[in-house]
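Written out below as structure tokens is the structure these notes cover.
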Amino acid sequence: MIRIGIDVGGTNTDAVIMDGPRVIAGVKSATTADVMSGVVNALKAVLDASGMKAGVVDVVMIGTTHFTNAVVQRRDLAPTAAVRLGLPATASLPPMVDWPEDLKQAIGNHAWLAHGGNEFDGRVISPLDEKELLGIVAEITARGINSIAITSVFSPVSGEFEKQAGAIFAKALPDAHITLSSEIGRIGLLERENAAIMNACLRDLSAHVIEAFRKAIAETGIKGRFYLTQNDGTLMDAAFAEKFPVLTFASGPTNSMRGAAFLSGVSEAIVVDIGGTTSDVGSLHKGFPRQATVAVEVGGVRTNFRMPDVFSVGLGGGSHVVETEHGIKVGPTSVGYRLVTDALIFGGSTLTTSDVMAAAGRADFGDRSKVAHLSPDLIARTQTRIMEMLEDCVERSRLSPEPLPVIVVGGGSILVDGPIGGLEVIKPHHFAVANAVGAAIAQVSGEVDRVYALAEIGREQALADAKQRAVDAAVAAGALRDSIEIVDVEDVPLAYLPGNATRVRIKAVGELHVG
């Protein structure tokens, strides 16, 4: 299978073309302000570098930060109606109760509570009231809102109320974008509701972005299928991604970690991905990023998507270097994709980490004569500061005293020279485009997160049922059934609930079915 992996970052758009497990060519292209022309440039450049014709490409996989950036920067978000089914329960904490005020206002702060919802074991809290929902429809119509997020209490256990309410809203408002929380989040009402609302407010943007990606791919003559990578390192097809844009959050760091594992052949390690703006650091377990076990904040909002346990620091190839009275300050500000115009070595006026590395003889791009005036003392102190920042990151990612190797990837890897904190450093071949490799090798996953009453069906039967559901979800997402394996099983007894209740979470992963 010939596949192209693309990762759209804040500084560079990286692309690789792979024939099965072999990387044929990898390129870096500057990310453009409109993003799409950057993707077209990267596609054309990687096809040129490989000498392949566009017609032979079977699949294109894209990882993008578009939707995360929209939430963080509070831009391009649609007014959204948050409808929660659960009265008379849950009224004390209304929807968006813990959201930053500016983000609430950016999407209009429209929320309604209605009857419905279930207990943890599926028992009904109160019946659905169609008349009540039609009253909400009238208010939504009057306010001109086109995106609706519907959340029902314990809907991962029983999603019937959400489906019925969704059908009522869809019939009354046929053009509306409707998001059901049970299709996105896990158990945990507020976090799942937050994820659903965030997804709904991105639906207009996702339609625009994914159509633009389609056009960019068509413009280069590629006829193959098109997928986006999601935040657990696996794929979703373009139509699914258009419906669930929030699932792309954090796909960039995940792609880098998956690419690092693939290129190095090491499945247990700490990965440091140094880009132009930030360094992302996390742990690999069995070749996949370790998942965060706590609620993950996106743009100041708590969610419970499957997210990698990765943290970012403002250290990259474009980071500003400033001499202060307290010593050298590196980052967090960065010239980003303007590196090729603003850095000293490219004729600009901003001192960056790339300038320091060029002056130290560790980078061979730009014009080194433009940094000849930098003092050896400044160069040495900057390099020391960079290594201190990286050591802090690596220490934060270690769960045990075991000496795990550190895999360093990304275009900013020129900043690393020698071991980090006494740990072996691995820089694999094609390290600069590891994120695009991670996108290209991505598999397809399915996940289930449910509460079972073991007093009724027993643990073995509950696990078997959950595994079957996870496999079916992976097949529905495009996985080849024969290739699917279970990669994560978690069952947690819920002592505070009756009936020997246990929460079961299972993830299945398989190879992409192309046919």
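The values are calculated or read from the model by the stated rules, or taken from the named source; none is laboratory data. Quick caveat: nothing in here was measured; it's all calculated off a predicted structure. Cβ placement follows ideal geometry from the backbone for every residue including glycine, while neighbour counts extend to all protein chains displayed. Remember, those area values only see protein heavy atoms, side chains included, never the ligands or the DNA or RNA. Shrake-Rupley method; radii C 1.70, N 1.55, O 1.52, S 1.80 Å.
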| field | Of LYS163/LYS467; LYS53/LYS215; LYS171/LYS243; LYS104/LYS163; LYS171/LYS223; LYS104/LYS243, pairs whose Cα-Cα distance is over 29 Å | value | LYS171/LYS223
| message | Just to confirm my numbers, what's the Cα centroid distance between the stretch 1-26 and the stretch 235-287 in Å? | response | 14
| Angle between the chain longest axis and helix 203-219 axis [Cα atoms, degrees, rounded to 10] | 50
| For the chain, what does -39500 (n - 2.57) per DSSP helix run (n ≥ 4), summed and divided by total residues, give at 222 nm, in deg cm²/dmol to the nearest 500? | -10000 deg cm²/dmol
| said: What does the charge count around GLY510 come to, taking other residues whose C-beta lies under 12 Å from its C-beta (Lys +1, Arg +1, Asp -1, Glu -1)? | reply: -2
| field | For the stretch 154-193 versus the stretch 437-495, the gap between their alpha-carbon centres in whole angstrom | value | 21
| note | The FRET efficiency for LYS131 and GLU402, from their Cβ-Cβ distance with R0 = 51 Å and rounded to 0.05, is 0.25
| said: What does DSSP give for the stretch 1-76 in terms of the percent of beta bridges that are antiparallel, rounded to the nearest 5? | reply: 70
| note | Simple SL model, points at 7 angstrom along Cα→Cβ for GLN468 and GLU511; separation in nm is 2.7
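Evaluate the relative contact order of the stretch 403-459 (contact order divided by residue number), counting alpha-carbon pairs under 8 angstrom at least 6 apart; express in whole percent. Display every interim value, and only then the final one.
Working: 41 pairs, mean separation 18.9, N = 57.
Computed value for the stretch 403-459: 33 percent relative contact order.
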| Mean separation of Cα contacts under 8 Å (6+ apart) over length of the chain, as relative contact order % | 15
| remark: Hits in the stretch 326-353: amide N under 18 Å from the 7 Å Cα→Cβ extension of SER369, namely 344-349
| Packing-based order for 36-49, 383-396, using average beta carbon neighbours within 10 Å, highest first | 36-49, 383-396
| said: Between 0 and 90 degrees, rounded to the nearest ten: what's the tilt of helix 376-397 against the longest Cα principal axis of the chain? | reply: 30
| Mean separation of Cα contacts under 8 Å, 6 or more apart, over the residue count of the stretch 349-452: relative contact order % | 21
| task | Run the accessible area of the stretch 362-512 with a 1.4 Å probe and give the carbon-and-sulfur part as a rounded percent. | result | 51
| task | Order the peptides 363-369, 415-421, 176-182 from the highest to the lowest mean number of other Cβ atoms within 10 Å of their residues. | result | 176-182, 415-421, 363-369
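Pairwise over distinct Cα atoms, reciprocal of the mean inverse distance: report the Kirkwood radius of the chain in Å, one decimal place.
On the way: mean 1/r = 0.0413 Å⁻¹.
Roughly 24.2 Å, rounded to one decimal.
Using a cut-off of 13 Å between beta-carbons, work out the net charge of the residues near ASN69 (Lys and Arg +1, Asp and Glu -1, ASN69 not included).
On the way: positive: ARG74, ARG75; negative: ASP76.
Once all neighbours under 13 Å are counted, the net charge is +1.
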| query | Cα axis of helix 160-172 to longest principal axis of the chain: angle in degrees, 0 to 90, nearest 10? | reply | 90
| message | Let me test this: with uniform point scatterers at the alpha carbons of the stretch 412-515, what is the Debye-based log₁₀ I(q)/I(0) at q = 0.12, 0.18, 0.19, 0.20 1/Å? | response | -0.62, -0.84, -0.88, -0.92
